[in-house]
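A short worksheet on the structure shown next.
Every read-out reported here was derived from the displayed coordinates using simple, explicitly stated rules and does not represent laboratory data. Owing to the predicted nature of the structure, the values given are computational and were not obtained by experimental measurement. In this analysis, Cβ positions are derived from the backbone assuming ideal geometry, glycine residues included, and neighbour counts consider all displayed protein chains.
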Amino acid sequence: MFRRTAVVATFVAAVLALSACAPGATSPTASASAGPVDKDATLTVGLVLEPTNLDIRHTSGAALEQILIDNIYQGLVRRTQDNEIEDSLATKHEISADGLTYTFTLAEGITFQDGTPLTAEDVVTSYTQVKDDATMVGHGDFADVASVVATDANTITITLSQPNQNFLFSLTGPAGLVFKKGDATDLKTAANGTGPFKLASWKKGDSITFDRNDDYWGKEKAGVKEIVFSYIPDFTAGVNAALAHEVDVLTAVDPNLASQFDSTDFTVTHGKTTDKGTLAFNNAKAPLSDVRVRQALRMAIDHKALVEAVGAGETLFGPIPQLDPGYEDLSEVAPYDPAKAKELLAQAGQSNLKLTLTIPNFYGTTVPQVLVSDFNKIGVTLKVNAVEFSTWLTDVYTNKNYDLSFVLHVEPRDFGNFANPDYYFNYDNAEVQKLYAEAERTVDPEKSADILKKAARIVSEDAAADWLYVGETLTAVSPQVHGFPQDSINSRIDLAGVTVTD
């Protein structure tokens, strides 16, 4: 995600399921044949990518958002599996007709995990810090915030300087989390939120453990006593851990390994996502600065065959997936046409082209192998450079030193990346930037989505990147585990409603 922030975008393959239970909602119960719910159970969940630290206020990334949001920290509003917005710490919210004033009514009896009551002033302080401090995650999301005030003990009013269609949605992310005013907690290694779980321990390189918050302010306490997030970066090792009953849930199941669960009692769920398997082009670096070269590379890729090779997901030919506003089927923009691709390369004066694909090494070899083969058919030699994620962040994301790259951009509503010329794509189109700004300022969501469609088509026609597929998450779930959701599990891991039976 970008939304005008300078911090690392949320795009990693570590995935985990999230629960759709809101504060006060009834926890899912097991079927009668499954046995009684064990409220003292430990739920062990396999994840791929471990956080580097736990300071979600200053460090971005799905590895943090997945485990901390809704479980440890909460905001005034939250998002569901379908990316719909609902109240969380707030009992209701209202938006003025001009889109400038947001009024939230705070729930009563909320406490932080250290026992301190949450007040409207904590909300004001948390949001004012995001607004004023450029080092805070989500600072860019608050660019239009003119003021945040507590109009009374239970009411917070946020006033914008101009309408922002994405503002309420941004409050479901790190920018909208509420922290205790003046808290001295070292957020890199500890936590003090309002959620249904508490941070118990972190064994770096191994696991993070949460304990149930028995003093949780919501009507329903968490369904399990303890959660252990076990970090297993190797996909085969993850499957082996599940088959050995070392984890109760395995996220990010490699589709090519999913058949290993066929003869077991695990259920493999298939979930919708906004995960965009993005082949990034360095738009500012020759020869990729030539639109004909970028278009040729897109037309050289057999997207349907690639999805089949990956084993899950659907084709995607533009920057907006189906779950986001502004989606349109843009498959006609970049049809599979190797002959046309060769013509475009010839027109661009490119022969015997050699390019390098820089890819985080945890993504495996399937996508690179397909790209190497497809590009070879049009006379392009592709060298694959698989690197550690930290190296990718430095070389590609920060220094923009690359030709092509591949990552999963998992954050919803992140089209703003293509309206930001400083993003690592180096894509600079004034018309796209104008349309995106107009979409943000449009109060009517349907009209805003129509404007985004226009901008997305331009981006696709410009071949600013290639969208190899929109991901589908596969999660292996033990029969003793109930209430694990299927969709949008790369973004959140709300586990409050998950239960385990004997």
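Helix 366-376 against the longest principal axis of the chain: what's the angle in degrees, Cα atoms only, rounded to the nearest 10?
20 degrees
Under 20 Å from the Cα of LYS454, which lysines turn up, not counting those fewer than eight places away in the same chain?
Within reach: LYS276, LYS434.
Defining a contact as two alpha carbons under 8 Å apart and six or more residues distant in sequence, what relative contact order in percent does the chain show?
Relative contact order for the chain comes out at 27 percent.
Compute the acute angle (0 to 90°) between the alpha-carbon long axis of helix 430-441 and the principal axis of greatest extent of the alpha-carbon atoms of the chain; round to the nearest 10°.
Result, in degrees: 20.
To one decimal place, what Kirkwood hydrodynamic radius in Å is obtained for the range 282-397 from all pairs of distinct Cα atoms?
Over the range 282-397, the inverse of the mean reciprocal pair distance is 15.4 Å.
Based on Cα positions only, what radius of gyration and what Dmax would you give for the range 60-133, in angstroms?
Radius of gyration, then largest Cα-Cα span, for the range 60-133: 13.6, 39 Å.
Compute from the Cα atoms of the range 346-502 the Rg and the Dmax, the latter being the longest Cα-Cα distance, and quote both in angstrom.
19.8, 67
Starting from 0.36 nm per residue, how many nanometres of slack lie between GLU438 and HIS245 once their C-alpha separation is accounted for?
64.3 nm
Give the shape of the range 73-190 as rounded, prolate or oblate, defined through the alpha-carbon gyration tensor: a ≥ b ≥ c are the square roots of its eigenvalues, a/c under 1.5 means rounded, and otherwise the shape is prolate if a/b is larger than b/c and oblate if not.
Rounded shape, in that the Cα axes give a/c under 1.5.
Going Cα to Cα from LYS219, which lysines come in below 18 Å? Please leave out same-chain ones fewer than 8 positions away.
Cα-Cα hits under 18 Å: LYS39, LYS92, LYS198.
Counting Lys and Arg as +1 and Asp and Glu as -1, what is the net charge of the other residues whose Cβ lies under 11 Å from the Cβ of ALA41?
-2
Around ASP450, what is the net charge, scoring Lys/Arg as +1 and Asp/Glu as -1 over all other residues with Cβ under 14 Å from its Cβ?
-1
Looking at the range 403-464, which GluC sites (Glu not before Pro) are in a loop (DSSP not H, G, I, E or B) and have at most 15 other Cβ atoms within 10 Å?
none
DSSP beta bridges in the chain, what fraction antiparallel, as a percent rounded to 5?
For the chain, the DSSP antiparallel bridge percentage is about 75.
Taking the Cβ of GLN129 as the center, what net charge do the other residues with Cβ under 14 Å away carry, scoring Lys and Arg +1 and Asp and Glu -1?
Once all neighbours under 14 Å are counted, the net charge is -3.
Using Cα-Cα distances under 8 Å and only pairs 6 or more residues apart, what relative contact order does the range 186-264 have, in percent?
About 19 percent, as a whole number.
In whole Hz and in residue order, list the ³J(HN,Hα) couplings for the range 75-85 that follow from phi through the Karplus curve 6.51 cos²θ - 1.76 cosθ + 1.60, θ = phi - 60°; x for Gly and Pro.
In residue order, the calculated couplings are x, 4, 10, 9, 10, 8, 4, 8, 6, 7, 9 Hz.
Under a straight-distance cross-link criterion of Cα-Cα below 17 Å, which lysines are reachable from LYS400, leaving out those fewer than 8 residues away in the same chain?
LYS285
Round to a whole angstrom and tell me the spacing of the C-alpha centers of the range 370-400 and the range 442-502.
What the calculation gives is 25 Å, centre to centre.
On full extension of the chain, what length is gained from LYS92 through ALA309, given 0.36 nm per residue of separation minus the C-alpha to C-alpha distance?
Length gained, LYS92 through ALA309: 73.5 nm.
Once the Cα atoms of helix 338-347 and of the chain are each reduced to a long axis, what angle between those two axes, in degrees from 0 to 90 to the nearest 10, is obtained?
The helix 338-347 is inclined about 70 degrees to the chain.
So what are the three principal axis dimensions of the chain from its Cα atoms, in whole Å, longest to shortest?
68, 58, 36
Taking amide H positions as placed in the peptide plane 1.01 Å from N, state which residues far from LEU43 in sequence (5 or more) or on other chains have amide H under 5 Å from it.
Correct list: GLU226, ILE227, VAL228.
Could you give the nm distance between label points at ALA153 and GLU108, where each point is 7 Å from its Cα heading toward the beta carbon?
0.9 nm
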